[in-house]
1. Name the one entry in K133, K137 that is of a type in the set (K, R) and in contact (Cβ under 8 Å) with a residue 60 or more places away in the chain.
2. Of all residues in the stretch 147-176, which are open to solvent by 70 Å² or more (accessible area, probe 1.4 Å) and hydrophobic (A, V, I, L, M, F, W, C)?
3. When you go through (1) open to solvent by less than 40 Å² (accessible area, probe 1.4 Å); (2) among the aliphatic types (A, V, I, L, M); (3) closer than 22 Å to I244 by Cα; (4) not in a helix (DSSP H, G or I) one by one for A80, which number turns out not to apply?
4. Restricting to the stretch 83-106, and then to whatever is assigned to a helix (DSSP H, G or I) and of a type outside the set (A, V, I, L, M), can you tell me which residue is surrounded by the fewest Cβ atoms within 10 Å (Cβ to Cβ)?
5. Within the set of pairs 6 or more residues apart or between chains, which connect a residue that is in contact (Cβ under 8 Å) with a residue 24 or more places away in the chain and among the charged types (D, E, K, R) inside the stretch 213-241 to a residue that is in a loop (DSSP other than H, G, I, E, B) and surrounded by fewer than 20 Cβ atoms within 10 Å (Cβ to Cβ) with Cβ atoms less than 6 Å apart?
6. Pull out all pairs, ordered by first then second residue, where Cβ-Cβ is under 9 Å, the residues are six or more apart or on different chains, the first lies in the stretch 153-176 and is on the phi > 0 side of the Ramachandran plot, and the second is part of a loop (DSSP other than H, G, I, E, B) and open to solvent by less than 90 Å² (accessible area, probe 1.4 Å).
7. Is there a residue being more than 19 Å from T120 (Cβ to Cβ) and aromatic (F, W, Y) anywhere in the stretch 213-230?
8. Give the residue, chosen from L224, L264, that is part of a strand (DSSP E or B), modelled with pLDDT of 95 or more and not hydroxyl-bearing (S, T, Y).
Amino acid sequence: MQGLMQEWPLLCHKILDHAAKHHPTREIVSRSVEGPIVRTNYVEIRKRALKVAQLLAREGFKPGDRIGTLAWNTGNHIEAWYGIMGMGGVYHTLNPRLFTEQIAWIMNDAEDQALFTDLTFMPIVEKIASAIKSLKKVIVLTDGAHMPETALPNVVAYEDWLAGADGDFDWLAVGEGDAAGMCYTSGTTGNPKGVLYSHRSNVLHAMMACMPDAMGISARDTILPIVPMFHANAWGLGQSGPMIGAKLVMPGGKMDGASVYELLDTEKVTFSAAVPTVWLMLLQHLEATGAKLPY
C-alpha cells in the first residue's frame, strides 16, 4: 500500500509556481547592467520565464540541451534559469573570471547550444563564439536601445526576443532526477570537471537551506545574494528565496563597498551572502564614510 498524498516530482519550476501563487507581489529588485534599479515581482518573473521556455522550445532546443549563462545576478538571469529548466534544458552557469580559453574549452566540453549573456561580457563572447561549434544562438540580456553592434551571427536582444512570445506554455514534465543545471569546477581541482544538479537535488537543497540551523531564512526576509549565480547556484538562493517567497535584491555587476551598502541600506536587507573579499570592501567603505548598517 502506498501513501499518495502530494505525489508529484520535485521539479524546480514548482518553486517558481509556488512563489507566483502565494507571494505574487513580493519584489525582485535588480541593479541592472545598464544602470537603473529595476523592480519586478514573482508573478512577472514567472510570466517571462514561461516566455523563455516557450521560445527555446519553439526554436528547436530540446530537453537535455545545455544552455549557457554568462551573466551577473539579476532578475533577468533568474528568468533565464527557470525558463531553461522549464523546457527541460540544463542551465550552464559560466564563470567570467576564468581565462577566455578556459571558458571556450568548458562550453565545448558541455556542448552548449545557446548562451544568455550580459552586455558586460560581450567582448568575451565575441572572442570565443566562433570556437564553440555547438553554439546556435546568443541572447543578450538587454533591450534594443542598448544592444551593441556585433558581427556575430544569430545574436538577439533579450527584450526584443521575449516580445515574440505570449507565455502560453506548459512547463515540460521532466523527471526529478533529470539534470537541471551544470557547473564546472576551475583550477581548484585540477582540470575542469562538469557537475550536474538534478531538479530533485536543487529542490531538496533549497528546502534544507531555509531551515533554522542552515540559513534560517523566511518570507519575512529581504535577501541580497552577492555570491554569483555561477558560484554553486549563488549557494542555492536562486531556489530557496522563491521557495519561501522572500524579497530578492540582485546586485548586478557592482559589488564594491559603496554599491553593496546602498542596496543594504535602501532595500533594508536582512540576509546576505558573499565571500570575505566583498565584506572587507564593505567594511572599508563603512570606516571611510562613518555609515552604519541598517538593523
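1. Working: K133 fails: in contact (Cβ under 8 Å) with a residue 60 or more places away in the chain.
The conditions single out K137.
2. A151, A163, A173
3. (4)
4. Applying the filter and picking the extreme gives E101.
5. Sorted first by the residue in the stretch 213-241, then by its partner, the pairs are D221/T270.
6. Note: pairs meeting the criteria are N154/L135.
7. Scanning the stretch 213-230, I find no residue that is more than 19 Å from T120 (Cβ to Cβ) and aromatic (F, W, Y), so the answer is no.
8. Sole residue among the options that is part of a strand (DSSP E or B), modelled with pLDDT of 95 or more and not hydroxyl-bearing (S, T, Y): L224.
The values are calculated or read from the model by the stated rules, or taken from the named source; none is laboratory data. Predicted model, so just to flag it, every value in this text is computed and none were measured. Virtual Cβ from ideal backbone geometry, glycine too; neighbours counted across all protein chains shown. In case anyone asks, the SASA skips ligands and DNA or RNA and just uses the protein heavy atoms, side chains included. Shrake-Rupley method; radii C 1.70, N 1.55, O 1.52, S 1.80 Å.
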